[in-house]
Amino acid sequence: MIKVFLRRVTCRHRPQIFRKTAVSRIDRRRLKKEAQILCQARHSAVPRPLDFAERAASSELLMERMPGVPLSQILQEGQSVPNACLEQIGDAILHLHNLGWNHSDIKPANILINETDAYLVDFNAAAPLGKNYSELSERSFSPSFASWKQLTGRGTVSVRDDLFSLEVTRFVNSTHRHPFRGQSVAAFFSLDANDIYLATKAFGRHFRDCVLEQYDNFQSETQDMQSLN
């Protein structure tokens with residue numbers, strides 16, 4: 001039996017189609033969530049859903065194939081993109097937040113660039129804003145771009161988690177290096193406090209403030225754990 005809850009999109013020009021299939025129970029649940037979010041989103045930087053079907057052994061999502069190549073590929077080739085492209089992604093993220101969702105996996109590989117246009121893709125890791133991380137049935141993220149709370153699974157899902165990941169992406173795009181040498185912000189915080197201070201001085205004021213905000217969360221969490229012992 002096929003269950004379709006998305007209406008097929010009728011358009012004058014037939015779009016290029018991107019097909020995603022899921023077989024395992026967890027992947028099917030995540031794919032259905034992605035279909036629901038895409039149906040709500042309706043943003044120029046987000047793929048349009050075309051159809052979703054649930055069958056006995058698998059689920060399938062058809063969506064518009066967005067043009068371009070991953071930002072990660074562009075960076076690997078030693079190039080970068082104008083900040084205006086990441087502003088488009090920031091606008092798409094804000095739109096998603098207004099719908100009550102965090103993307104939860106903002107990184108160069110999930111950003112497509114087509115000349116001066118940018119697109120945000122891969123929404124199956126999304127999490128509802130305000131939900132306790134401990135209450136999520138599963139969490140999926142990229143450690144080297146994730147916030148402290150995402151890494152530890154403590155606290156509630158916050159827009160600041162996505163915004164931190166976007167700022168790490170901006171930093172990589174502008175400097176062609178990862179601020180934490182490809183590791184997570186948690187690994188960075190395992191350094192001596194003086195080493196952290198010296199490293200953040202080279203980040204630039206805005207990104208340094210973002211990292212130090214994460215460090216405040218880390219210190220607060222550490223103090224709370226020590227008080228329980």
Filter result for the condition that a residue is without any contact (Cβ under 8 Å) to a residue 24 or more places away in the chain and either of a type outside the set (D, E, K, R) or not in a helix (DSSP H, G or I) (or both), over Q88, Q73: Q73
Residue tally, condition buried (at least 19 other Cβ atoms within 10 Å of the Cβ) and within 12 Å of V121 (Cα to Cα), over region 70-91: 2
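Take the conditions surrounded by fewer than 16 Cβ atoms within 10 Å (Cβ to Cβ) and assigned to a helix (DSSP H, G or I) and apply them to S174. Does it pass?
On the way: surrounded by fewer than 16 Cβ atoms within 10 Å (Cβ to Cβ): yes; assigned to a helix (DSSP H, G or I): yes.
The answer is yes for S174.
Is at least one residue of region 61-69 aliphatic (A, V, I, L, M), within 21 Å of F171 (Cα to Cα), surrounded by fewer than 20 Cβ atoms within 10 Å (Cβ to Cβ) and touching a Pro at 6+ places or on another chain (Cβ under 9 Å)? Talk me through it step by step, then tell me what you get.
Just the residues of region 61-69 that are aliphatic (A, V, I, L, M), to begin with: 61-63, 66, 69.
Narrowing further to those that are within 21 Å of F171 (Cα to Cα): 69.
Going one step further and asking which of them are surrounded by fewer than 20 Cβ atoms within 10 Å (Cβ to Cβ), we end up with 69.
Adding the requirement that they be touching a Pro at 6+ places or on another chain (Cβ under 9 Å) leaves none.
Taking every residue of region 61-69 in turn, none turns out to be aliphatic (A, V, I, L, M), within 21 Å of F171 (Cα to Cα), surrounded by fewer than 20 Cβ atoms within 10 Å (Cβ to Cβ) and touching a Pro at 6+ places or on another chain (Cβ under 9 Å).
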Any hit, region 94-113, residues being surrounded by 18 or more Cβ atoms within 10 Å (Cβ to Cβ), part of a helix (DSSP H, G or I), more than 10 Å from the chain's Cα centre (by Cα) and modelled with pLDDT of 95 or more: yes
Hits in region 117-157 - residues which are in a loop (DSSP other than H, G, I, E, B), hydroxyl-bearing (S, T, Y) and surrounded by fewer than 19 Cβ atoms within 10 Å (Cβ to Cβ): S137, S140, S142
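Does at least one position in region 150-157 carry a residue that is within 19 Å of P108 (Cβ to Cβ) and either within 17 Å of the chain's Cα centre (by Cα) or modelled with pLDDT of 95 or more (or both)? Let's see the steps before the verdict.
Here is the first cut: in region 150-157, the ones within 19 Å of P108 (Cβ to Cβ) are 150-151.
Filter again for either within 17 Å of the chain's Cα centre (by Cα) or modelled with pLDDT of 95 or more (or both), leaving 150-151.
Checked region 150-157: at least one residue is within 19 Å of P108 (Cβ to Cβ) and either within 17 Å of the chain's Cα centre (by Cα) or modelled with pLDDT of 95 or more (or both).
The values are calculated or read from the model by the stated rules, or taken from the named source; none is laboratory data. All values reported here derive from a predicted model rather than from experimental measurement. Glycine also receives a Cβ, built like all others from the backbone with ideal geometry; neighbour counts cover every protein chain displayed.
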